[in-house]
Every structure is written in C-alpha cells, then in structure tokens.
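Comments concern the structure below.
The values are calculated or read from the model by the stated rules, or taken from the named source; none is laboratory data. In this text, all values refer to a predicted model and were calculated from it rather than measured experimentally. Positions of Cβ are backbone-derived with ideal geometry, glycine not excepted, and every protein chain shown enters the neighbour counts.
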Amino acid sequence: MKAFHLKFLEDNTVAPGKKFDESKVKATCDAGDLKFREATEYAAGKHDESRLHAIRYLDNVFKNNCEIAITENKLFSVVFAKEEIDNVKPNYDLAIRGESSRVGNQTK
C-alpha cells in the first residue's frame, strides 16, 4: 500500500506535459479503496486494534489525498506532494515495523 500511495502522489504531481485526468484519478482511488478494505478485513480477522488503527489512519490519509485531487480537479503542486510524501513515508514505515515486530513474523 505504501508504494501504491506514493505512486498516486507522484503520478498526480505537476510536471511538464502532465495533465489532470479525473477518470484515471478516480480509478486509482477506487483501486486504493479496495486495497485498504482488504487490509482492514484482514486486520479485523486478527482481532488486533493496533493493526486496525494503523490501517484506518493510512486509509484516511489516502482518501483525503484522493478527495483533494478530485475536488480541486487539478494535479498536486510539487510542494504539496513533497510534504505529503515526507509525512506519509514514515507512517507507512512505522506500520511496517509494527507488522515486522509481531510474534511469528520474519524480519529482514
């Protein structure tokens, strides 16, 4: 989900020759919604509130990014995208670290 979210931000950031494509943004947001739903269902099955909390937080950030893109109907500014990426990366890293530290999970 981290790579998917970061790619969404990168793909929808202002760059020479790039244009806003609402249908593409909506399709990507729908695909992301499905990924987060699957992760939420998996976490709910594990009965682990900390896992659910992490997924819900990241899901809300992704939904917020989608809403901004669709509502404003334009690409993200370079400054906004950089700030979002700088904020999102460590949150995904913390969630990944939390998963890696669970009993029975192999660490790299």
Number of positions in the range 40-74 that are in contact (Cβ under 8 Å) with a residue 24 or more places away in the chain and farther than 21 Å from Asp11 by Cβ:
5
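State which residue is farthest from Arg97 (Cα to Cα) when the search covers only the range 6-42 and only residues that are part of a helix (DSSP H, G or I) and of a type in the set (Gly, Ala, Ser).
Of the range 6-42, the ones part of a helix (DSSP H, G or I) are 6-11, 22-42.
The next check asks that each one be of a type in the set (Gly, Ala, Ser); those that pass are 23, 27, 31-32, 39.
Values: Ser23: 34, Ala27: 29, Ala31: 24, Gly32: 21, Ala39: 16 Å.
Only one residue fits best here, namely Ser23.
Taking Gly45, is it modelled with pLDDT under 95, loosely packed, with under 11 Cβ neighbours inside 10 Å and assigned to a helix (DSSP H, G or I)? Outline the logic, then answer.
Working: modelled with pLDDT under 95: yes; loosely packed, with under 11 Cβ neighbours inside 10 Å: yes; assigned to a helix (DSSP H, G or I): yes.
So Gly45 fits the description; yes.
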Qualifying position, being hydrophobic (A, V, I, L, M, F, W, C), assigned to a helix (DSSP H, G or I) and surrounded by 13 or more Cβ atoms within 10 Å (Cβ to Cβ), among Ala81, Ala3
Ala81
Under the condition of being touching a Leu at 6+ places or on another chain (Cβ under 8 Å) and farther than 12 Å from Lys74 by Cα, which residue from the range 16-42 is surrounded by the fewest Cβ atoms within 10 Å (Cβ to Cβ)?
Thr40
Selection from the range 76-108 of residues that are at pLDDT 85 or above and basic (Lys, Arg):
Lys82, Lys89, Arg97
